[in-house]
């Protein structure tokens, strides 16, 4: 067909042609954990369909769906269990300073395990002063040395004692400053705030964040004058080196200690003179134990084996740590959230999961975008991300790393698992799919195999850190079904244990074989491609008559393509990638597998639609976080406009000013990007657009810093992995630099969207 001619008004139905099959290396996604027979999975984890994985001697990971209200699904959690009676190390880590946040992955990469040990897992720490000093709100201790004291409301901590056992303890900081004029209570150590009329001690552990920010009154910022006296004294080798009425900036010398005081305590510090002797003492206690590692948290979730009610029913990614009654076992939970599969878990649900896992006490750590659990795979040399908590890893101030003894690097076993990843990273071009441990009778399930040593670490002749991939030499056998290279061809319905052998090592994986599918589904159900340069992907799911679901691999499917419009490429990660061959057009892909079929409508090309013309600007409202905001109608560039005035001078923490429409701005088709006219004020606040997708997941589209004056069109791309259609909830400005204070006004004109030509409904 000559695609230069106008397209017919109805969709084009294809002739059946073979799918274009190419061998494509898998995306850098997390591999599913190795599976064992169902009866080998601890029954009291609270995780259904659990997959158990041996990480190291004394370290195990269980992951899978968690039953929702009424037994429904919609949640996913990973539970790491650590036997502290083994030769396992638990260490406190930070980003190089308490105010120098880093991702948990970067902290783990920088950690230096003891000789003969290797790092096998890492987890994020507690809440922190986000958007300001970035310092932890809870207590911190590394190898017996106190790093930071707890803020009010963060008195509980994960504590590893000198004997290696652990627990959730209430911690308390106590200190004394001995001055020539008498003693003064020391109220805080490397804390994000100094209390009124109090004094805090700051050391080289603090980092480079300006110390002036620790003395602001709550709700004040660089635009305010301190209401009470402030003083700072630098102490070197027990004597005063200098005194100032303004807290300093920059790093603190390793041999110096800095006292920062407010109010009446500042008057005592300001009276010091150079050369005066100053004594400093402080301790961190943990209910009479001998702490070696301390990591602060917030809510106690489990006490005496029972969940503790918490006044927070929001759903989000979550991290928590619990301990057995004797302190010999540590349990780390990371609950997924902010992704197409789940919005997240409540704290009550996390507490129930931990209690069902046998912990007697548990503590909430930071969640949301901070939630990070890295765990080594069998045969892997370094930990990889195991949870899903949104678009990207957040930088956090601290966390814990877990180390275990190294092995011999001689292959002794095989990690056998499905090659398909059921939970792709948020934003991945691979849509989420069903549990790959399920397969339909007569269909294929591709398996992957990695060799590991007796300590479940890396093995084989490859370079250090290179997995010992045995997939190419894999031979499969099972009581029912048979192997076809690395693919298992399922026999009759029922549970089956598949054995894989590669060379002299072997492993097993448990699969569930379902009856032939009764229906076939594609995810997503409709594809929109903005141009001939764009691509889109879908995956297939089969559904039995009883509603049981399993992924269908490309080897078992046929796709009827539209060769003059698109080509379809089958990938070995289970995706069907659709590549345009024309600039515009619509069509339908007919897909058949296991005797059932489905259709995948698609469109190539884009159209521009108006989302907000601001002719209703008088009905828009303004809201602010830690600032002031006001919205009003004004003349725009070519028509009505909306002015958003803001004041970011009253706080040092992240400030935002948002313009909200009178009602949600809902689209009916896939959006590729949004464009808005902006008359800038040159102040540099960042422009953002907030969306809620079809899965109920929120997304913030990040625009540029508005550092220009006059009119400019701003384009904000919609990332991959968003469920369409979307709804626009607000346009806003954000300032996250605590050192910047300003007020201003921007004008918005004509919010439009670049969308697919066809609605999301298949009609």
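Here, each number is a calculation from the coordinates, and none is a lab measurement. A quick note: this is a predicted structure, and the numbers were derived from the prediction, not measured. Virtual Cβ from ideal backbone geometry, glycine too; neighbours counted across all protein chains shown.
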### Message
Full-extension gain between residue 610 and residue 311, please, as 0.36 nm times their residue separation minus the C-alpha to C-alpha distance.
### Response
103.5 nm
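Per residue Cα convex hull volume for the chain, in cubic angstrom? Present the calculation step by step, with values, prior to reporting the outcome.
Numbers: hull volume 131.5 nm³, N = 763.
Convex hull volume per residue, Cα atoms: 172 Å³.
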### Query
Which order do peptides 285-292, 350-357 fall in by mean Cβ count within 10 Å, highest first?
350-357, 285-292
### Message
What percent of all Cα-Cα pairs in the stretch 608-756 falls into each 10 Å bin, going from 0 up to the bin containing the maximum distance?
### Response
12, 44, 35, 9, 0
### Summary
Here, residue 273 and residue 534, labelled 7 Å along Cα→Cβ, have an inter-label distance in nm of 7.6
## Note on the structure
Note to self, the chain gives a 222 nm [θ] from helices alone (DSSP H runs n ≥ 4, -39500 (n - 2.57) apiece, / all residues, nearest 500) of -1000 deg cm²/dmol
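Based on other C-beta atoms within 10 Å, arrange 482, 695, 299 from fewest to most.
By the 10 Å Cβ count, ascending: 482, 695, 299.
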### Summary
Exposure-ranked with fewest Cβ neighbours within 10 Å first, 708, 206 stand as 708, 206
### Message
Just to confirm my numbers, what's the Cα centroid distance between the stretch 519-579 and the stretch 199-217 in Å?
### Response
55
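Between residue 666 and residue 356, how high is the FRET efficiency from 1/(1 + (r/R0)^6) when r is the Cβ-Cβ distance and R₀ = 41 Å? Nearest 0.05.
Numbers: r = 40 Å, r/R0 = 0.97.
Efficiency, rounded to the nearest 0.05: 0.55.
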### Query
What is the percent of Cα-Cα separations in the stretch 320-373 that go past 14 Å?
52
### Task
Only Cα pairs under 8 Å and at least 6 apart count here; give the relative contact order of the stretch 181-276 as a rounded whole percent.
34
### Message
Compute for the stretch 93-203: radius of gyration divided by Kirkwood radius, i.e. Rg/Rh, restricted to C-alpha atoms, rounded to two decimals.
### Response
1.01
### Message
Debye calculation, C-alpha points only, no solvent: report log10 I(q)/I(0) for the stretch 413-514 at q = 0.12, 0.13, 0.23 Å⁻¹, in the same order as the q values.
### Response
-0.42, -0.49, -1.14
### Task
Output the peptides 120-132, 589-601 sorted from most to least packed, where packing is the average of other Cβ atoms within 10 Å over each peptide's residues.
120-132, 589-601
## Note on the structure
So the FRET efficiency between residue 567 and residue 109, C-beta based with R0 = 35 Å and rounded to 0.05, is 0.30
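How would you order 725-734, 447-456 from highest to lowest mean count of nearby Cβ atoms within 10 Å?
Working: 725-734: 21.7, 447-456: 23.5.
Per-residue mean Cβ counts within 10 Å order the peptides as 447-456, 725-734.
Residue separation times 0.36 nm, minus the C-alpha to C-alpha distance between residue 628 and residue 280: what's the value? Present the calculation step by step, with values, prior to reporting the outcome.
Working: separation 348, 0.36 × 348 = 125.28 nm, distance 4.21 nm.
Stretched fully, the residue 628-residue 280 segment lengthens by 121.1 nm.
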### Query
Each label point is 7 Å from the Cα along the Cα-to-Cβ direction; what then is the distance between the points at residue 504 and residue 558, in nm?
4.7
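Just rank 281, 377, fewest to most, by other beta-carbon atoms within 10 angstrom.
Numbers: 281 11, 377 26.
With the fewest neighbours first, 281, 377 line up as 281, 377.
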### Query
So how far apart, in nm, are the two label points at residue 497 and residue 717 if each is 7 Å from Cα heading toward Cβ?
4.9
### Task
Find how many whole Å separate the alpha carbon centroid of the stretch 273-311 from the alpha carbon centroid of the stretch 318-347.
22
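Any chance you could run the full-extension gain for residue 412 through residue 204? It's 0.36 nm times the residue separation minus the Cα-Cα distance, nm to one decimal. Show your work: numbers first, answer last.
Values: separation 208, 0.36 × 208 = 74.88 nm, distance 4.60 nm.
In short, 70.3 nm is gained.
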